[in-house]
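Enquirer: Next up is a structure, given as structure tokens.
The values are calculated or read from the model by the stated rules, or taken from the named source; none is laboratory data. Just so it is clear, the model here is predicted, and its values are computed rather than measured. Note: ideal-geometry Cβ built from the backbone for every residue, glycine included; neighbour counts use all protein chains shown.
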Amino acid sequence: MTHVLDDLEARGLVAHSTDRDALRAELSEGPITYYVGFDPTAPSLHIGNLLQILTARRLQLAGHKPLLLVGGSTGLIGDPKEAGERVMNTKETVADWVNRIASQVSRFVDLDGANGATIVNNLDWTAGLSTIDYLRDIGKHFPVNRMLARDVVSSRLESGISYTEFSYVLLQSMDYLELHRRHGCVLQTGGSDQWGNITAGVELIRRADGDKVHALATPLITKADGTKFGKTESGTVWLDPELMSPYAFYQSWIQAEDSKVVEYLRQFTFLELHEIARVEAEHVQKPGLRAAQRRLAAEVTTLVHGAEETAAAELAARALFGRAELEDLPEATLAAALREAGAVDLLAADQPTIVDALVATGLADSKSAARRAVGEGGAYVNNERVTDPELVLAGDLLLHGSWAVLRKGKRSISGVSVS
RNA sequence: GGCAGGUUGCCCGAGUGGCCAAAGGGAUCUGACUGUAAAUCAGACGGCUCAGCCUACGCAGGUUCGAACCCUGCACCUGCCA
């Protein structure tokens, strides 16, 4: 069987690691305990976090025991980022997000069995910590000159950084130390942007307890243009269906660039590498079929939202983007597809125009933008380009007497039900 | 506390009394080409009851026929000095 570290490397999931041979040996010797942390900075995790969850899952499948940490305390402090000081959220908000994220994260791992995952919250060991103990036991191990040299910190020295955020690295390091002591945790994984925080923890454990532990970082996932992956035009790709519908989630994957889709298959799915190679061969032959994108979207959407939601998203995509004439679709199929894609109810009595509908569905931000879209030839009703901004959605335009498929550009689709 | 500089549309950034809804770049959107891909080219890119009107250049007030641009006060940011 392939060594889990080889699998991670082959999938392009290893950007940095501490002593790789030592880590390899330790992973081979028997089950180890490792951890990955998630800070509650929003009510939901996003696909950047998903990569970390899936990496943790891969290690669990190899027999190791995951500790999934939710940052009840670190979320109150805020990891410094280059953009500038974070706005602090209230304790109530953070506590709420902690619960949401804990339940989100637990769906991706096994909680039972010998190597069942444990969800931990760092608030448990920091809430009651006295300032004096913190400064004596933890602070003493952190030379400020070294802290200042860290990239994020030095980049913030001009614009300013609060003592609160400056201290963040101590809390995360303390987490690793605590989990090492409580659970024998010897590996922390995370994104490469966390590398500094993670190795600071490794260092703390060496200084405080004299133990050698490991760190493993995944690379920053980027889009073809080099920008950070995980954002669409409309924002972050969330895992919570309340924040992003399974249909929209599916769409965000199906729109993956040709040059990136195979990488994503390796990083975000559990497909065997030889299977991915087969998909790649097909993709190289006929990229126009977008088979790799379809496979990617189906696999990841199933992981996050389940088979049923994925089937619905696929059906909607096929119906709305397919070659079939919309008129030929049975009403039930059309209605289901449009509800899935996001549909809005309008009143026939209001004589809604194409402009009104574009705004109501959110395809356009304002009436001006909607008029502009029509003027540019970028607005379509039932796949027919519309040129008159005053066109009223009524009569023969409506499929089965009430439905209209509204499209702006080539990939933004929304439904309208007029009654 | 003193001195100097700054605060412009989603972001960066020009503009220093009328020709400014505001140069240029980025991001974004649309079209052509296409495959719900990329690249390229072209156009758009505050709002509205849209050939006109309204709102906008940190906030409040003032000067002026007219202010993003001048004056006063306030807030915040940066640098230098204490």
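Enquirer: Among the residues of the range A:266-273, is there at least one that is among the aliphatic types (A, V, I, L, M), away from RNA strand B (no atom under 15 Å from the Cβ) and assigned to a loop (DSSP other than H, G, I, E, B)?
Expert: Taking every residue of the range A:266-273 in turn, at least one turns out to be among the aliphatic types (A, V, I, L, M), away from RNA strand B (no atom under 15 Å from the Cβ) and assigned to a loop (DSSP other than H, G, I, E, B).
Enquirer: Provide a single number: the residues in the range A:240-261 that are among the acidic types (Asp, Glu) and near RNA strand B (Cβ under 10 Å from one of its atoms).
Expert: Applying the first criterion (among the acidic types (Asp, Glu)) to the range A:240-261 yields A:240, A:242, A:257-258.
Still in the list and also near RNA strand B (Cβ under 10 Å from one of its atoms): A:257-258.
Matching residues across the range A:240-261 total 2.
Enquirer: Might you let me know whether the range A:362-374 holds any residue that is within 17 Å of residue A:401 (Cβ to Cβ), exposed (fewer than 12 other Cβ atoms within 10 Å of the Cβ) and among the charged types (D, E, K, R)?
Expert: Restricting attention to the range A:362-374, the residues satisfying the condition of being within 17 Å of residue A:401 (Cβ to Cβ) are none.
No, because not a single residue in the range A:362-374 is within 17 Å of residue A:401 (Cβ to Cβ), exposed (fewer than 12 other Cβ atoms within 10 Å of the Cβ) and among the charged types (D, E, K, R).
Enquirer: Restricting attention to the range A:395-419, which residues are out of contact with any strand residue (DSSP E or B) (no Cβ under 8 Å at 6 or more places or on another chain) and touching a residue at least 60 places away in the same chain (Cβ under 8 Å)? It would help to see each step written out before you state the result.
Expert: Of all residues in the range A:395-419, those out of contact with any strand residue (DSSP E or B) (no Cβ under 8 Å at 6 or more places or on another chain) come to A:395-396, A:400-401, A:409-412.
Of everything in the range A:395-419, those that are out of contact with any strand residue (DSSP E or B) (no Cβ under 8 Å at 6 or more places or on another chain) and touching a residue at least 60 places away in the same chain (Cβ under 8 Å) turn out to be A:400, A:411.
Enquirer: Taking the residues in the range A:209-229 that are out of contact with any His (no Cβ under 8 Å at 6 or more places or on another chain) and not in a loop (DSSP other than H, G, I, E, B) as candidates, determine which candidate is farthest from RNA strand B (Cβ to nearest atom). I'd like the intermediate steps shown before the answer.
Expert: If we filter the range A:209-229 for residues that are out of contact with any His (no Cβ under 8 Å at 6 or more places or on another chain), which is where we start, we get A:210, A:212, A:214, A:218-229.
Filter once more, keeping what is not in a loop (DSSP other than H, G, I, E, B): A:214, A:218, A:222, A:228.
On the way: A:214: 37, A:218: 23, A:222: 13, A:228: 11 Å.
Looking at the filtered set, the residue picked out is A:214.
Enquirer: Also, I was wondering about something else. So which residues in the range A:320-361 are part of a helix (DSSP H, G or I), out of contact with any Lys or Arg (no Cβ under 6 Å at 6 or more places or on another chain) and surrounded by 21 or more Cβ atoms within 10 Å (Cβ to Cβ), if there are any at all?
Expert: Once the filter is applied, which keeps residues that are part of a helix (DSSP H, G or I), out of contact with any Lys or Arg (no Cβ under 6 Å at 6 or more places or on another chain) and surrounded by 21 or more Cβ atoms within 10 Å (Cβ to Cβ), the range A:320-361 yields A:320, A:334, A:337, A:338, A:340, A:341, A:354, A:357, A:358.
Enquirer: Just one of the numbered conditions (1) among the β-branched types (Val, Ile, Thr); (2) closer than 30 Å to residue A:314 by Cα; (3) without any contact (Cβ under 8 Å) to a residue 40 or more places away in the chain is not true of residue A:353; which one?
Expert: (3)
Enquirer: Does residue A:211 satisfy the condition of being assigned by TED's automatic domain parsing to the domain that holds residue A:21, more than 16 Å from residue A:47 (Cα to Cα) and touching a residue at least 12 places away in the same chain (Cβ under 8 Å)? Outline the logic, then answer.
Expert: Numbers: assigned by TED's automatic domain parsing to the domain that holds residue A:21: yes; more than 16 Å from residue A:47 (Cα to Cα): yes; touching a residue at least 12 places away in the same chain (Cβ under 8 Å): yes.
Criteria met by residue A:211.
Enquirer: Further question on the same structure: Going through the range A:370-401 one residue at a time, which ones are in contact with a Ser or Thr (Cβ under 8 Å, 6 or more places away or on another chain) and away from RNA strand B (no atom under 13 Å from the Cβ)?
Expert: Taking the range A:370-401 as the starting set, the residues that turn out to be in contact with a Ser or Thr (Cβ under 8 Å, 6 or more places away or on another chain) are A:374, A:377, A:389-393.
Residues satisfying the conditions are A:391, A:392, A:393.
Enquirer: Keeping to the range A:268-298, report how many residues are within 20 Å of the chain's Cα centre (by Cα) and crowded, with 18+ Cβ neighbours inside 10 Å.
Expert: Number satisfying all stated conditions: 9.
Enquirer: Just need a number here: residues in the range A:204-239 that are within 17 Å of residue A:54 (Cβ to Cβ) and either surrounded by 21 or more Cβ atoms within 10 Å (Cβ to Cβ) or within 13 Å of the chain's Cα centre (by Cα) (or both).
Expert: Within the range A:204-239, the first condition is being within 17 Å of residue A:54 (Cβ to Cβ), and the residues that meet it are A:216-221, A:229-230, A:237-239.
Pick out the ones that are also either surrounded by 21 or more Cβ atoms within 10 Å (Cβ to Cβ) or within 13 Å of the chain's Cα centre (by Cα) (or both) and you get A:216-218, A:220-221, A:229-230, A:237-239.
Result for the range A:204-239: 10.
Enquirer: Also: Which count do you get for residues in the range A:59-79 that are surrounded by 17 or more Cβ atoms within 10 Å (Cβ to Cβ) and within 30 Å of residue A:11 (Cβ to Cβ)?
Expert: Of the residues in the range A:59-79, the ones surrounded by 17 or more Cβ atoms within 10 Å (Cβ to Cβ) are A:59-60, A:62, A:64-79.
Narrowing further to those that are within 30 Å of residue A:11 (Cβ to Cβ): A:59-60, A:62, A:64-71, A:74-75, A:79.
The qualifying residues number 14.
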